[in-house]
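The values are calculated or read from the model by the stated rules, or taken from the named source; none is laboratory data. None of the values given here were measured: they were computed from a predicted structure. Quick reminder, even Gly has a Cβ in these numbers, built from the backbone with ideal geometry, and neighbours come from all protein chains shown.
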Amino acid sequence: MAAHDPLAHVVDHPTLEFPWWTPPSYQLEVHLPAPLGFQITRFMVMELIAAILAVLVLVPVARHVRRQPVSRGGFFNAFEALLLYIRDDVARPAIGGHGADRFLPYLWTAFFFVLFNNLLGMIPGFASATGNINVTAVLAVMTLATVVAAGVREMGVAGYLTGLVPHIDVPKPLNYFLWPLMFAIELVGLLIKHIVLAVRLFANMFAGHVVLAVILGFILMAHGWLFYFVMPASILGVVALSLLELFVAFLQAYIFTFLSALFIGSAVHPH
């Protein structure tokens, strides 16, 4: 499929594939239901799996940290290190001191939800829901809602809206003209920042999986003696890029969380 249409590997489908449960010559494909005319898709299932994984990880880790002053075991140490890193090196520096702790539930949840969605695409038959602009757009809207709610809670509706515009030291008559213009620019800029937040995550995950599909597709397009040269080169290339994709999965989850914290900090502490 990837040889004829590499995009088929990264677009949404109303089916699930289980290539590891079947012989190479046969691929099990399960059609997802459409209750009340609403079609359930592969990305929806991936998002549900990612959400369940986040709950299965975060809840036991939180309970363990509450009971044990010192973590024991590789599993708990690894995830507690990630949680502490996001708190101490992402949230608190970007938002400011211990006041950032009230935003940690959102930042932790966003990080692990994005991370698990990214990693699910590395499993044969699964997909990265974060390679869909609709999914990343919803995540960006959630960050925007958190940013606006944080600013309104800190300064009130009027204070937050007026705080968008930096102080301009100009004569008052000129300020009557410049202030509305600056307000419109800052408001559009706020929206653009969150649009970029969605596009950045989508583009990186989408492009990575397209490249993997294209490289694998070279094997299907090779004929005759070329096959014996193309096949090992393609496999080695996919292995190398898959390792890079693992790094990118963590990196993009970090960048999304870091930028979300930065935007929240700018709302809580305006110009």
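Within region 122-146, restricting attention to residues that are over 11 Å from the mean Cα position of the chain (by Cα) and crowded, with 23+ Cβ neighbours inside 10 Å, which residue is farthest from Thr257 (Cα to Cα)?
The qualifying residue farthest from Thr257 (Cα to Cα) is Ala127.
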Inset, instruction - List every residue pair whose Cβ atoms sit under 8 Å apart, with the two residues 6 or more apart in sequence or on different chains, where the first one lies in region 143-164 and is more than 20 Å from Leu104 (Cα to Cα) and the second, anywhere, is of a type in the set (A, V, I, L, M). - result: Tyr160/Val148; Tyr160/Val152; Tyr160/Ala267; Gly163/Met155; Leu164/Leu187; Leu164/Leu190
Inset, instruction - Would you tally the residues in region 247-271 being surrounded by 13 or more Cβ atoms within 10 Å (Cβ to Cβ) and either over 13 Å from Leu201 (Cα atoms) or of a type in the set (Lys, Arg) (or both)? - result: 10
Inset, instruction - Would you confirm whether any residue within region 196-215 is of a type outside the set (Asp, Glu), in contact with a Gly (Cβ under 6 Å, 6 or more places away or on another chain), without any contact (Cβ under 8 Å) to a residue 60 or more places away in the chain and assigned to a helix (DSSP H, G or I)? - result: yes
Legend entry - Filtered residue count, region 188-214, keeping only those that are crowded, with 17+ Cβ neighbours inside 10 Å and either at pLDDT 90 or above or closer than 16 Å to Asn134 by Cα (or both): 10
Legend entry - Residue in region 36-85 that is farthest from Leu107 (Cα to Cα), counting only those that are outside any helix (DSSP H, G or I) and polar (S, T, N, Q): Gln39
Inset, instruction - Pull up region 252-269, narrow it to residues that are over 14 Å from the mean Cα position of the chain (by Cα) and of a type in the set (Val, Ile, Thr), then point me to the one that is modelled with the highest pLDDT. - result: Ile264
Inset, instruction - List the number of the failed condition for Asp101; all other conditions in (1) under 19 Å from the mean Cα position of the chain (by Cα); (2) free of Cβ contacts under 8 Å to residues at least 40 places away in the same chain hold. - result: (1)
